[in-house]
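Worksheet: the structure to be examined is printed underneath.
FYI, it's all coordinate maths here, none of it is from the lab. For clarity, every value in this text was computed on a predicted model and none was experimentally measured. Note that we place each Cβ from the backbone using ideal geometry, even for glycine, and neighbour counts take in every protein chain shown.
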Amino acid sequence: MRCVVANWKMNLASREARAFCEDLLGHFTPQAGIEVGIAPSFTFLHLVSELVRPIGLQVFGQNGHAEAKGAFTGEVSMPQLRDAGCSGVLLGHSERRQFFGETDAALATKVKAAWQWDLLPLLCIGETLAQRDAGQTLEVLRQQLSILAETGPGPLWVAYEPVWAIGTGRRAEAAQVREAHAFIRGELNRHLAGTDYVVPILYGGSVTPESFPELLTIPEVAGGLVGGASLDPRKFAELVKQAG
Ligand code: 13P
């Protein structure tokens, strides 16, 4: 299975989101074996869901709170994401870890909450440049995946996003991606031993139609989690086509 997911981050207004979806629908042919998703801002989750779910696209929240409801001003819960039409939720994006203090402990509770509300967690992991330079990349990935020891097994997608490759135009080299994805697969095999869960591992970080075909040739790269290039419906449709 291949997966291509657009992470729109804090971009677009509802009018632009509608225009994107309408343009995408005009250029999009559903293909067997390819899952396509969009993670819009909370304010137009409903709108995007109504437009793209009928043709089989998934809609992801960009974050979700572990509690189902209560006094958590500014937060959105997993059942609220479901109510807005989501089938999944991004968890642990490096921007959440960096700017909002998201910890592995909090992520373990969020993954469990997502499962409780029948949402597919897309868990994002990756090292900073300082960690890579210090030779800590694999240890960081091991640590970030160790939350699975606490959550236990369940349906999951993982995205490897080296922080230094996000929004920088500096894509990780093939050998770096190969090493990280092989390591992640080994860790997932360990955590999910004896279960039937098949976890696709997406690459994220400056993915464009120019770089995606080569990335897709790397073993264990099941697709992409795309930021900047996903804001252009033609580029996004091209990425989906390349995954086919
Ligand atoms: P860019 O594709 O803009 O580098 O962003 C990647 C990302 O963070 C996707 O979650």
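Of all the options Glu75, Glu161, Glu179, the one that moves most in a Gaussian network model of the chain with Cα springs shorter than 10 angstrom is Glu75. Past 31 Å, Cα to Cα, is the threshold; run Lys9/Lys241; Lys112/Lys241; Lys9/Lys112 against it and keep the listed order. Cα-Cα > 31 Å for Lys112/Lys241; rest within. Dipole check for the chain: with +1 at the C-beta of Lys and Arg, -1 at the C-beta of Asp and Glu, and the Cα centre as origin, the magnitude is about 160 Debye. Diagonalising the gyration tensor over the Cα atoms of segment 96-205 and scaling each eigenvalue by 5 before taking the square root yields semi-axes of 23, 16, 13 Å, largest first. Projecting the Cα atoms of Phe236, Ala32, Gly56 onto the dipole axis of the chain, where Lys and Arg carry +1 and Asp and Glu carry -1 at the beta carbon, places Gly56 farthest toward the positive end. Between segment 166-244 and segment 11-58, how many Å separate their Cα centres? A separation of 20 Å, based on Cα centres. Remark: the Glu173-Phe100 segment gains 23.4 nm on full extension, using 0.36 nm per residue and subtracting the alpha carbon distance. Projecting label points 7 angstrom from Cα along Cα→Cβ for Asp133 and Met10 puts them 2.7 nm apart.
If you wrap a convex hull around the Cα atoms of the chain, how much volume per residue is inside, in Å³? Before the final figure, lay out each step's value.
Working: hull volume 28.6 nm³, N = 244.
In the chain, the Cα convex hull volume per residue is 117 Å³.
Packing-based ranking of 16-23, 153-160 yields 153-160, 16-23, ordered from highest to lowest mean Cβ neighbour count within 10 Å.
Ellipticity at 222 nm from helices only: DSSP H runs of n ≥ 4 in the chain, each -39500 (n - 2.57), divided by the residue count, give -12000 deg cm²/dmol. Short version: ³J(HN,Hα) in whole Hz for each residue of segment 120-133, in order, from phi by Karplus 6.51 cos²θ - 1.76 cosθ + 1.60 (θ = phi - 60°), x for Gly and Pro, what are they? These are the phi-based 3J(HN,Hα) values: 7, x, 10, 7, 9, 9, x, 9, 7, 5, 4, 5, 4, 4 Hz.
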